[in-house]
Amino acid sequence: MTDDLLIDQAAAVLKPHRVGDRLFGDVAAALRTRDGQIFTGVCLDTGSGTGFCAEHAAIAAMVTAGHYVIEAIVAVHRDDDRRLRVLPPCGRCREFIRQVDPANLDTKVILGRGDVLPLRDLLPRHEWPQPLA
């Protein structure tokens, strides 16, 4: 599966739902494991701060299925004009991806059509610091 098809997989699960001033499912993520399995998820925005990003939902589905290494991941959103946008993972998501498995530093983060960077380039200085002398 190409990166463009992974973008399309994420877009396919976008089904925004408004509850009061909160919007559920307006960001969707898709990830591909090394063996080619696809997992998707959507964000949940809650007023109590207990919500989570679409990447978290997709990763939780992956881990539930017994996988830990992500080959590629993407998150998407449709703006008010229905244009599809690829969203970079927030800092919390970048760290979450890294912590699921050390090999995920090599995860391809899709930032747009033809625009891909390894997670390690988006998460510099990720090593645990050495003790002070």
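No lab work stands behind these numbers, since they all come straight from the coordinates. The model shown is predicted, which means the values in this text are computed figures rather than measured ones. Quick reminder, even Gly has a Cβ in these numbers, built from the backbone with ideal geometry, and neighbours come from all protein chains shown.
Conditions (1) closer than 19 Å to Asp121 by Cβ; (2) aliphatic (A, V, I, L, M), marked per residue:
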| site | (1), (2) |
| --- | --- |
| Thr33 | no, no |
| Ile38 | no, yes |
| Thr46 | no, no |
| Thr50 | no, no |
| Ala65 | no, yes |
| Pro88 | yes, no |
Considering the stretch 68-114 alone, what residues qualify as being out of contact with any Asp or Glu (no Cβ under 8 Å at 6 or more places or on another chain), surrounded by 11 or more Cβ atoms within 10 Å (Cβ to Cβ) and part of a loop (DSSP other than H, G, I, E, B)? Pro88, Cys90, Asp101
Among the candidates Asp26, Asp45, Asp80, residue that is of a type outside the set (A, V, I, L, M, F, W, C) and in contact with a Gly (Cβ under 7 Å, 6 or more places away or on another chain): Asp45
